[in-house]
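Each remark here refers to the structure printed beneath this line.
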There are 2 protein chains.
Amino acid sequence: MSFADHIRVCNNYDRTRVVPLIAGERRIGWLRRDNAAALARFPAVFAVEPDRVHLVARGDVDTVSAAVDEVVEALVLENRLPKWRNEIFDVMPRWGEKPVFRVDRGAVAFFGVRAYGVDLNGYRRDRGGVHLWVGRRAPDKRLAPNKLDNLVAGGIGNGYGVAATLAKEADEEAGIPASLIERAVPVGAITYLMENEIGIRDGVLFVYDLELPEEFMPQNRDGEVVDFELMPAANVIERIRATDDFKFDVNLVFLDFALRHGLIPIEDPEYLAVASGLRRPFD
Amino acid sequence: MSFADHIRVCNNYDRTRVVPLIAGERRIGWLRRDNAAALARFPAVFAVEPDRVHLVARGDVDTVSAAVDEVVEALVLENRLPKWRNEIFDVMPRWGEKPVFRVDRGAVAFFGVRAYGVDLNGYRRDRGGVHLWVGRRAPDKRLAPNKLDNLVAGGIGNGYGVAATLAKEADEEAGIPASLIERAVPVGAITYLMENEIGIRDGVLFVYDLELPEEFMPQNRDGEVVDFELMPAANVIERIRATDDFKFDVNLVFLDFALRHGLIPIEDPEYLAVASGLRRPFD
């Protein structure tokens, strides 16, 4: 592996393999052509044309969401996608706008709608330099089981803002109290566009840094992380370069941390590949 | 203005207005179509085809550079570009590779070859929050006269590496001694692609942060900066949002600083536009 390989993995999107999903005049998703074809059976909800799909269900957010959910249930029966049944995501043309509909998290990549999450770099400085808290994902996670992960990360579901998601996940995943998570500093976002088994993952991660005191020890409460380790940041970066041990997008978040904190020297042959590869411009 | 306006100004490149400049099998520049046409008079150096231009001069770097320089001299006589005569840039397919030729800085945008520079954010923390040192460019600067600028910035010329350029410019532009500039932290790069009067500016800025002591006072030595001011970072950001007072690409560098230091709240409607707009992926 190389740094650039991890960036490529998260940006393997190929425009020729997808068609836009359009609501009104706005694109809200990217449908892989096989997924678009699968929607042709639901003409009351989606109008499938050769080079685009229109959302045609009409009504308020609840009504459209219910119509889309019926489609999702049918697709679940065909094993085209999993339904998570515990997390609902808002679908918006752009962040901050009103949702067009809400959908089960399992269907987000099927429709290729943009998915927002938070990611927290929890770090410590001491005589040995910068250290990062790294978690290991539980073996029963749907996505990337057993992979190494950031201290805190999670999707932004319906009803939660960015800061509220961070506080909730920080508490559940790592036992970070409110008084500590308030000190987390928002430091930008990672954006990528990736084809996976289900469809297109249009990912936006709001990134926070939190310098942690020496006495802090993370404690997982929700069973999603099996253990935590405080690793020298330099070791994290070399392990990213050499292995596939980290969850796909966590490689990008840690590379961004390393870059911002001066932990990748400018002489590194991949310096500009990293600096220019972590924030894909929106289309 | 808005943050996104500044990003758009620096990324107004339009692929349909240019053709690639190719050396061997590799693209080394983007030639605006009028510039490509102007090269047809020099068939011993450039082979102009409808959808591309090949560098056909052969020999070692010195020989090819001399051949290109004859073309540059002829174009200067036609007022197609200025010659600076004091800074020579290396032209490389990719950073770190061997140069194909060297060229006067004034011709860099004409050929649309990638231009590398350094940019230093000099900041101070005190009870009033983060402050940034801001310079004002001299009225006789070729590029962006009178505009507000970063504390230190400069192009990376032939014979200088990134750190050496930073140290040289820090000394000349702001009187920062070697003992202080050594503490500057490399924190990434800004990349953009912009059409200007001369051609295409394919810009890469290596960005450094330097926390400065209270007693530090910048002193310009080369006449390129007329004065310096220590501004609250929040004022810099609001002035960027509201005005065109800063040099075009300096807006992007300060926005990146603000983002990395948590000075732009996630609730800002332009947060994601900024986070995703400062590092254009390389083609």
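Would you check which residues across segment B:207-239 are surrounded by 17 or more Cβ atoms within 10 Å (Cβ to Cβ) and within 29 Å of B:L75 (Cβ to Cβ) and list them?
Result: B:E224, single match.
From the set of residues in segment A:225-267 that are within 14 Å of chain B (Cβ to nearest Cβ) and without any contact (Cβ under 8 Å) to a residue 12 or more places away in the chain, which is farthest from A:A115 (Cα to Cα)?
The residue in question is A:E267.
For segment B:27-50, enumerate the residues that are in contact (Cβ under 8 Å) with a residue 60 or more places away in the chain, among the basic types (K, R) and not in a strand (DSSP E or B).
Quick first cut of segment B:27-50, residues in contact (Cβ under 8 Å) with a residue 60 or more places away in the chain only: B:27-32, B:35.
Adding the requirement that they be among the basic types (K, R) leaves B:27, B:32.
None - no residue of segment B:27-50 is in contact (Cβ under 8 Å) with a residue 60 or more places away in the chain, among the basic types (K, R) and not in a strand (DSSP E or B), so the list stays empty.
Would you mind stating whether B:A144 is within 12 Å of chain A (Cβ to nearest Cβ) and not in a strand (DSSP E or B)? Don't jump to the end; show me each part of the working.
Values: within 12 Å of chain A (Cβ to nearest Cβ): no; not in a strand (DSSP E or B): yes.
Answer is no for this residue.
Only one of B:A36, B:A44 is in contact with a strand residue (DSSP E or B) (Cβ under 9 Å, 6 or more places away or on another chain) and farther than 30 Å from A:P269 by Cβ; which?
Values: B:A44 fails: in contact with a strand residue (DSSP E or B) (Cβ under 9 Å, 6 or more places away or on another chain).
Selected residue: B:A36, the only one of B:A36, B:A44 that is in contact with a strand residue (DSSP E or B) (Cβ under 9 Å, 6 or more places away or on another chain) and farther than 30 Å from A:P269 by Cβ.
Take the conditions over 24 Å from B:T165 (Cβ atoms), within 14 Å of another protein chain (Cβ to nearest Cβ) and either of a type in the set (A, V, I, L, M) or loosely packed, with under 15 Cβ neighbours inside 10 Å (or both) and apply them to B:L272. Does it pass? Step through it out loud before you land on a result.
Numbers: over 24 Å from B:T165 (Cβ atoms): yes; within 14 Å of another protein chain (Cβ to nearest Cβ): yes; either of a type in the set (A, V, I, L, M) or loosely packed, with under 15 Cβ neighbours inside 10 Å (or both): yes.
Considered against the rule, which asks whether it is over 24 Å from B:T165 (Cβ atoms), within 14 Å of another protein chain (Cβ to nearest Cβ) and either of a type in the set (A, V, I, L, M) or loosely packed, with under 15 Cβ neighbours inside 10 Å (or both), B:L272 comes out as yes.
Please verify whether B:E270 is charged (D, E, K, R) and under 20 Å from A:P281 (Cα atoms), treating the condition exactly as stated. Walk me through how you get there before you give the answer.
Working: charged (D, E, K, R): yes; under 20 Å from A:P281 (Cα atoms): yes.
For B:E270, the condition - charged (D, E, K, R) and under 20 Å from A:P281 (Cα atoms) - is met.
Across segment A:51-63, which residue is surrounded by the most Cβ atoms within 10 Å (Cβ to Cβ) among those that are more than 24 Å from the chain's Cα centre (by Cα) and part of a helix (DSSP H, G or I)?
Selected residue: A:T63.
Of all residues in segment A:4-26 being under 16 Å from the mean Cα position of the chain (by Cα) and outside any helix (DSSP H, G or I), which is surrounded by the most Cβ atoms within 10 Å (Cβ to Cβ)? First the steps, then the outcome.
Going residue by residue through segment A:4-26, those that are under 16 Å from the mean Cα position of the chain (by Cα) are A:6-13.
Within this subset, residues satisfying the condition of being outside any helix (DSSP H, G or I) are A:10-13.
On the way: A:C10: 21, A:N11: 17, A:N12: 13, A:Y13: 17.
Here the residue is A:C10.
Does A:G203 qualify as being surrounded by 21 or more Cβ atoms within 10 Å (Cβ to Cβ) and away from chain B (no Cβ under 14 Å)?
On the way: surrounded by 21 or more Cβ atoms within 10 Å (Cβ to Cβ): yes; away from chain B (no Cβ under 14 Å): no.
Considered against the rule, which asks whether it is surrounded by 21 or more Cβ atoms within 10 Å (Cβ to Cβ) and away from chain B (no Cβ under 14 Å), A:G203 comes out as no.
B:A66 is checked against (1) more than 21 Å from the chain's Cα centre (by Cα); (2) modelled with pLDDT under 95 and fails just one. What number does that condition carry?
All conditions pass for B:A66, except number (2).
The values are calculated or read from the model by the stated rules, or taken from the named source; none is laboratory data. Just so it is clear, the structure is predicted and the values come from calculations on it, not from any experiment. Neighbour counts run over all protein chains shown; Cβ positions are idealised from the backbone, glycine included.
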